[in-house]
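Report on the following structure.
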Amino acid sequence: MTTRRAILQTGGAAVVIIGAGAGGWALTRAPEKAREPWSMAGKSFGDWRLDALAYAILAPNPHNMQPWRIRLDGDDALTIYADLARMLPETDPPNRQITIGFGCFLELLRQAAAERGGALTIEPFPEGAPEKALDERPIAHIRAAPGAAEADPLFAAVLDRRTNRAPFKAQPVEQAALDQILIAGGTDVIVSSVNSGDRIDTLKALAREAWETEWTLDRTRRESIDVTRIGKREIDETPWGLALAGPVMDALGAGGVLTRENMDIPEKAAYEQSIEFYNKAIDSAAAFIWMSTATNTRLDQISAGAAWIRMQQAATLQGVAFHPLSQALQEFPEMAGPYARAHEMLAHQPGATVQMLARIGYADAPPPAPREAMMSKLIRA
Ligand SMILES: Cc1cc2nc3c(=O)[nH]c(=O)nc-3n(C[C@H](O)[C@H](O)[C@H](O)COP(=O)(O)O)c2cc1C
């Protein structure tokens, strides 16, 4: 318990620092530079592709790795590649989740172009779909299509969408809001939900077990720790990966309590609190939603991403907070038990793949997550 007290005391000290600091010290701890891409979307870059890409890079993606590499082709086309240095081989060995992130990216690109009336032809995996893991081949080729596209009402949520890891209020999610979220998922995937009854508790227990499996295994925990940025300076300097932002995190980091080294040592407050933080989030779930696909091809994963972001946008418009909990769906060997039970419980038919699972509920929205500048993702033709 001493370790726990240490972090709480330092948390208290942080509050003292904030109180005594002249000129709103807390406000100056916001990683503003890392959040700039959220205000760049909507500006005109003089090329429809850049205008649409400024939105696409705001897509949700695993561990915020932002693995996009974008090549502009001629005047009216572009090709998207995966940055193979930004994969998550320990927690996502087949790059299934990374591919879902590309599905989210492509859907936002489509919506952003449609907002200006532009239709796109999106051809996923034009040189063939990689099987075991993503490779050098393109993820998608996109070109302007003839004719006009209709604006998508879900686009209204693009700048307000957040991954919300906060504990949710004890407030049920009404069936009507849930229905809107499920409808937004469309028909390419099978979407389901639960907002009452024992099943919620069973899912919470499963999500906790899966999270503890991921965190207590050295190589999967370290994959997250390696891309964790603590405090304003680190986040602004390296605006990808998992960000621990805000004045308390900043002060704990500066005080040497919250460090990547300590996060990796069992019994240290930073290690234990990481488990606790996520478990508290899981326990406060008001409802769960998930989706499954009959097969698990790369195209299924791209479709799952498109459906997923649409559901998250619908949730945003309904004022519903949204937090994916992917651990039990991960394909590394030590997760086999939770994976099998998650599939028994959630797959719409035997042999189907559960692509995503999230808890939803109500909580204040966090500030936007860091993003790298859109221009920095362009590669030479
Ligand atoms: C396929 C996929 C899986 C994800 N799984 C998790 C998860 O298990 N836990 C979590 O906290 N966030 C998860 N996320 C959310 C990302 O971490 C988040 O999108 C990223 O950090 C950027 O933040 P933003 O969504 O607020 O822009 C997932 C996102 C995607 C696309």
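Bear in mind these aren't lab numbers, they're just calculated from the coordinates by the rules spelled out. Not measured: the values here are computed from a predicted model. We place every Cβ from the backbone using ideal geometry, glycine too, and count neighbours over all the protein chains shown.
A few points about this structure:
- Given LYS169/LYS232; LYS33/LYS377; LYS232/LYS280; LYS33/LYS232; LYS232/LYS268; LYS43/LYS232, the pairs whose alpha carbons are separated by over 20 Å: LYS169/LYS232; LYS232/LYS280; LYS232/LYS268; LYS43/LYS232
- Surrounding net charge for ILE98, when Lys and Arg each add one and Asp and Glu each subtract one, Cβ distance under 9 Å: +1
- Largest first, the extents of the alpha carbon coordinates of the chain on the three principal axes equal 65, 51, 40 Å.
- Note, ³J(HN,Hα) from phi for segment 74-83, Karplus 6.51, -1.76, 1.60, rounded to Hz, x at Gly and Pro: x, 9, 9, 9, 7, 10, 10, 10, 8, 7
- Rounded FRET efficiency, nearest 0.05, which uses the C-beta distance separating MET345 from ALA254 and R0 of 56 Å: 0.80
- Helical content alone sets the calculated 222 nm signal of the chain at -13500 deg cm²/dmol, taking -39,500 (n - 2.57) per DSSP H segment of four or more residues and averaging over every residue.
- Taking the Cα centre of the chain as origin and assigning +1 to Lys and Arg Cβ atoms and -1 to Asp and Glu Cβ atoms, the resulting dipole is close to 700 debye.
- Residues in segment 128-156 reached by a label modelled at LEU84 [backbone nitrogen below 12 Å; 7 Å Cα→Cβ]: 133-138
- At most 16 other Cβ within 10 Å, DSSP loop - GluC sites (Glu not before Pro), segment 266-352: GLU267, GLU331
- Each of ALA270, ALA41, GLY246 was placed along the dipole of the chain (beta-carbon charges, centred on the mean Cα), and the one lying farthest toward the positive end is GLY246.
- GluC sites (Glu not before Pro) restricted to DSSP loop in segment 66-144 with at most 16 other C-beta within 10 Å: GLU127, GLU131, GLU136
- If both residues of a DSSP beta bridge must be in the chain, then about 85% of such bridges are antiparallel.
- Rg/Rh (Cα only; Kirkwood hydrodynamic radius) as it applies to segment 193-326: 1.01
- Distance in nm between pseudo-label sites at ARG143 and ARG233 (7 Å out along the Cβ direction from Cα): 5.0
- Candidates LEU217, LEU206, LEU134: whichever shows maximal mean-square fluctuation once the chain is modelled as a Gaussian network with Cα springs under 10 Å: LEU217
- Column: log10 I(q)/I(0), Debye, Cα scatterers of segment 94-139, q = 0.21, 0.26 Å⁻¹: -0.75, -0.96
- Cα gyration tensor shape of segment 90-209, rounded if a/c is under 1.5, else prolate or oblate by comparing a/b with b/c: oblate
- Linear extension gain, ASP264 paired with ASP160, 0.36 nm per residue minus alpha-carbon span: 34.2 nm
- Estimated FRET transfer efficiency (ILE183, ALA129; beta-carbon r; R0 30 Å; 0.05): 0.55
- Isotropic mean projected area of the C-alpha convex hull, segment 164-204 (nm²): 3.8
- Reducing segment 65-89 and segment 163-195 to their Cα centroids gives an inter-centroid distance of 30 Å.
- Backbone phi angles across segment 343-357, fed through the Karplus curve with coefficients 6.51, -1.76 and 1.60 (θ = phi - 60°), yield HN-Hα couplings of 6, 4, 7, 10, 5, 6, 7, x, x, 6, 9, 7, 8, 8, 9 Hz in residue order; Gly and Pro are listed as x.
- Spatial separation of Cα centroids for segment 232-296 and segment 311-347, in angstrom: 18
- Full-extension gain in nm, SER376 to ASP198, via 0.36 nm per residue minus C-alpha separation: 59.3 nm
- Spin-label pair THR297-GLN175: with each label point 7 Å from Cα along the Cα-Cβ axis, the two points sit 3.7 nm from one another.
- Along segment 290-299 the Karplus relation, 6.51 cos²θ - 1.76 cosθ + 1.60 evaluated at θ = phi - 60°, assigns HN-Hα couplings of 7, 9, 9, 10, 5, 10, 10, 7, 4, 5 Hz to successive residues, with x for each Gly and Pro.
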